[in-house]
1. In percent, how large is the relative contact order of the chain, given Cα pairs closer than 8 Å and 6 or more residues apart?
2. Looking at this model, which pairs from LYS146/LYS184; LYS5/LYS146; LYS59/LYS189; LYS119/LYS160 are more than 26 angstrom apart at the alpha-carbon?
3. For every other residue with a beta carbon closer than 10 angstrom to the beta carbon of ASP30, add +1 if it is Lys or Arg and -1 if Asp or Glu, then tell me the sum.
4. Using helices alone, I'd like the mean residue ellipticity at 222 nm for the chain: each DSSP H run of four-plus residues gives -39500 (n - 2.57), total over residue count, nearest 500.
5. Could you tell me how far the Cα centroid of segment 121-184 sits from the Cα centroid of segment 19-67, in Å?
6. Using a Gaussian network model of the chain with C-alpha springs under 10 Å, which one of LYS230, LYS160, LYS59 is most mobile by mean-square fluctuation?
Amino acid sequence: MIEIKNLEKTYPTANGGFTAIQNINLSIADGDIFGIIGLSGAGKSTLVRCINLLEVPTKGEVIIDGRSMTSLSRKELLRARQSIGMIFQGFNLLSQRNSIDNITFPLEIAGVSRAKAVKRAVELLELVGLSDKAKSFPSQLSGGQKQRVAIARALATNPKVLLCDEATSALDPTTTVQILELLKEINQKLGVTIVVITHEMRVIEKICNRLAVIDSSEIAEQGLVSEVFKHPKTAIARKLIMPQGGEGIESALGKQCIRLTFDGADTEEPFISMMTMECRAAVSILFANTKSLDGKTYGQMVLQLPADEDARARILAFLEKSGYSFTEEVYAG
């Protein structure tokens, strides 16, 4: 288990100091895929680098499997880091080494024999689906292939934890899905705990079980992905999960709307058709999206209500009676 207690990181500046993260308290269970999401500059990357002490926290503790990382000697920390793999947005492969030699690099540092290191690298290349790229150099690989080699390298020392810092941000959507599927497979096969840092909600919804939303250096909200998606409690979570932009919504500025939040059971019914027929009133769909999480569909829909007050009242009564979760909103730009 990873426990983060009252973590803070402040960088010295000419004006006295900049606090990148503060008051961070998280518990990440063994074998979990935990997502940390936030806008650029929220403190995500600083937080993940504090977990393996690439950044030394100013205050607080990082405890992994009962050991406080912040209290270890340098020698003990180097040994502990062998159980924590990390992959980056920019891959960080050594350009003068082929795939095999990139993967064996951390094993060389750990003092593993060449024969054992190469054997391990070959096994990992097979795991990530690149057995035919053993002698290829980074310049000969696509972005997705580079990230697969980087994942194999991160797994070389049999880590218990894999930290992913914006690992798919440099990849196209199709390759992103493939890499996320690979990470999920690794989690299931090897039982590795995975911490995913991202600004993209599609990454969270694809593989994560739990998530924390970070905003302005602090944790704004955390919980099961399905629960946060269905009932976001904070403004930043709603902004990340339920986009407010789009021409349709902009055209409704100053008009009364409703935002529906529904799960898989709701989407099985043609509820818009049912509502308009029963209420004898038409609505405009301004925004809609759905997401599949663990075989269930979650989503949001923004509807512009009719100008007629009686028609609006019939629609709201229909929604109340039907049990749909909704909020009334007026967009102000």
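Every number here is computed from the coordinates shown, using simple stated rules; none is lab data. All figures in this text were calculated on a predicted structure; none of them were measured in a lab. Neighbour counts are summed over all protein chains in view; Cβ atoms, including those assigned to glycine, are modelled from backbone coordinates with ideal geometry.
1. 18 percent.
2. LYS5/LYS146; LYS59/LYS189
3. -1
4. Calculated at 222 nm, the ellipticity per residue is -10500 deg cm²/dmol.
5. Centre-to-centre (Cα) distance: 23 Å.
6. Fluctuation is largest for LYS59.
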